[in-house]
Amino acid sequence: MSVNVLYKTSAKATGGRDGHAATLDGALDVKLTTPKELGGGGGAGNNPEQLFAAGYAACFIGAMKFVASQGGPKVPADASVTSTVGIGPRSEGGFGLAVELAVSLPGLARNDAEALVEKAHQVCPYSNATRGNVDVKLRVV
């Protein structure tokens, strides 16, 4: 499968989960900390799962808007996606992720909302990247 890349960005991380990450253009600059649940000290800073959750949630709204532009129901201005990302050991070894997307589409009929979410899941780049590798649960709230 090939991708016609329209945009690229680069980020550099140092120090791993207790380090620092920033985009090379300086637009994003975060201190990284390991959560207590993963053996770290917690504290001020972010972790990769938080960054992934924020990115997936924002991107999924973009995917719904794309579907709407192709003739799907209009995405309400107050639509929101809450992305919950979990991490833990896999039964096959190593570590894995689990994701739940709770999608709020106020004012849309439930069947229209569910159809929009399902179509967005087929076009969202995060959904396409995780498909077959990460358990992603979709829920209209």
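The values are calculated or read from the model by the stated rules, or taken from the named source; none is laboratory data. Keep in mind that what you see is a predicted model, and the values were worked out from it rather than measured. Here the Cβ positions follow ideal geometry from the backbone for every residue, glycine too, while neighbour counts run over all protein chains shown. Just the protein is used for accessible areas: all its heavy atoms, side chains included, with ligands, DNA and RNA removed. Shrake-Rupley method; radii C 1.70, N 1.55, O 1.52, S 1.80 Å.
Is at least one residue of segment 19-27 among the polar types (S, T, N, Q), touching a residue at least 12 places away in the same chain (Cβ under 8 Å) and in contact with a Ser or Thr (Cβ under 7 Å, 6 or more places away or on another chain)? Yes, that holds for at least one residue.
Kindly evaluate Ile61 against the criterion of being assigned to a strand (DSSP E or B) and surrounded by 10 or more Cβ atoms within 10 Å (Cβ to Cβ). Considered against the rule, which asks whether it is assigned to a strand (DSSP E or B) and surrounded by 10 or more Cβ atoms within 10 Å (Cβ to Cβ), Ile61 comes out as no.
Of the residues Val75, Val85, the single one that is of a type in the set (A, V, I, L, M, F, W, C), open to solvent by less than 70 Å² (accessible area, probe 1.4 Å), in contact with a Leu (Cβ under 9 Å, 6 or more places away or on another chain) and not in a strand (DSSP E or B) is Val75. Just for segment 118-138: of the residues that are surrounded by 13 or more Cβ atoms within 10 Å (Cβ to Cβ) and out of contact with any helix residue (DSSP H, G or I) (no Cβ under 7 Å at 6 or more places or on another chain), which one is nearest to Gln70 (Cα to Cα)? This residue is Asn128. Would it be correct to say that Lys31 is assigned to a strand (DSSP E or B) and either of a type in the set (Asp, Glu) or open to solvent by 80 Å² or more (accessible area, probe 1.4 Å) (or both)? Considered against the rule, which asks whether it is assigned to a strand (DSSP E or B) and either of a type in the set (Asp, Glu) or open to solvent by 80 Å² or more (accessible area, probe 1.4 Å) (or both), Lys31 comes out as yes.
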